[in-house]
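To start, the structure under review is shown below, and the notes come after it.
Read-outs throughout are calculated quantities, based only on the coordinates presented, and are distinct from any laboratory measurement. Computed from a prediction, not measured in an experiment: that's the story for all the values here. Cβ placement follows ideal geometry from the backbone for every residue including glycine, while neighbour counts extend to all protein chains displayed.
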Amino acid sequence: MRWCSFTTVPRGGLPRLGAVNGRSSGVRAAVLDVGVWGELQGTITPPDLVDLVESGPATQARVTELVRSAPRGGAAWLRAEDVRLLAPLREPNSLRDFLTFPDHVQRGARRRGAPVPPAWDRIPVFYKGNRRSVVGPGDLVPWPSYTEQMDFECEVAAVVGRRGRDLDLGAAEGSVFGYTIMNDWSARDVQREEMTCWLGPAKGKDFATTLGPWLVTPDEWSPEQAHLMQVLVDGEAWATGSTAGRRWTFAEMLAWASRDEDLYPTDVLGSGTFGGGCGLDLDRWIGPDVRVTLRVDGLGEVTNRVVRRH
């Protein structure tokens, strides 16, 4: 199932819960207005995607079956041009971003003229980002006033759907509601300065994180299979990679994050980028007023325009 958060064009209004046509993986797919379909069937559904993720397994299963019963066509289906997709989660409960791809880590070690830290191979390390700075597909991303070196990172993120603590690998894997594309926007010059002080990143990351275009449930998409990942800047292919080959699985990341700590629905855990999946790895930098598109097979694509307002 592909779940989305949307408003209608041009009316806008509060976010609504949608289900994307399962036979189409592109951003122009038709969307089922789950609330309208529920009303037609005489049942109440969660008003938006956050409510669905927080509702629990029983409600999630009921709404999934309701959506699967919807025939194509009719008043509940919306054309792509009548829908504005939003970030699946407006304000996640938390935002963790991990460092899981060996080729990205090794490139970083070479830039520093140092070996890969031994701890990286012992524990799945992460930083905590700003959960309130999430942007969605098509949103503008402001270029921060304090940086001259803005960057992207092409990632996949898991969204937690069940509260849990001290999870084993099986329970951790079962706690995932769905997967989405994540762009971990970065101010590299500021990040570099911050981390010389043995803290961070903070301001180097906290200004924006893209999530979207929807959440794909684990029964339809597995991050442990090899899926093509791509970065395009103004339509030009800058980088290509794969979801395969990570040092740490999402189950291992979730299990470690839950050690002596509760995980909650809408927690987001990013994979980190593949080697070459960011300008830092490529030694190639974006400028203002460019469009950055991330594509992941099976998860769709997200595009944001970077704008400089100072």
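Observations on the structure shown:
- Rounded FRET efficiency, nearest 0.05, which uses the C-beta distance separating THR64 from LEU282 and R0 of 35 Å: 0.30
- The value given for the range 1-145 is a Kirkwood hydrodynamic radius of 18.0 Å, derived from the mean inverse Cα-Cα separation.
- Here the range 182-223 is scanned for amide nitrogen atoms under 18 Å from the site 7 Å beyond the Cα of TYR146 along Cα-to-Cβ, giving 185-209.
- Between the range 240-287 and the range 91-128, the Cα center-to-center distance that results, in Å: 8 Å
- Paramagnetic reach from ASN21 (point 7 Å along Cα→Cβ, amide N under 19 Å) across the range 292-310: 298-302
- Among the chymotrypsin sites (Phe, Trp or Tyr not before Pro) found in the range 206-301, those both in a DSSP coil and sparsely packed, with 14 or fewer other Cβ atoms within 10 Å of their Cβ, are TRP285.
- With the simple model of a label 7 Å out from the Cα in the direction of the Cβ, ASP234 to ASP189 spans 2.0 nm.
- Solvent-free Debye scattering, log10 I(q)/I(0), computed from the Cα coordinates of the range 147-250 at q = 0.23, 0.24 Å⁻¹: -1.23, -1.25
- Note on GLU220/ALA75: beta-carbon distance plugged into 1/(1 + (r/R0)^6) with R0 of 30 Å gives a FRET efficiency of 0.70.
- Cα gyration tensor shape for the range 87-193, rounded if a/c is under 1.5, else prolate or oblate: oblate
- Gyration tensor (alpha-carbon) shape descriptor, the range 2-80, a/c threshold 1.5: rounded
- Annotation note: chymotrypsin sites (Phe, Trp or Tyr not before Pro) in the range 126-171 located in DSSP loop regions with a Cβ neighbour count of at most 15 within 10 Å are TYR146.
- Global form of the range 50-93, assessed from the alpha-carbon gyration tensor, a/c cut-off 1.5: oblate
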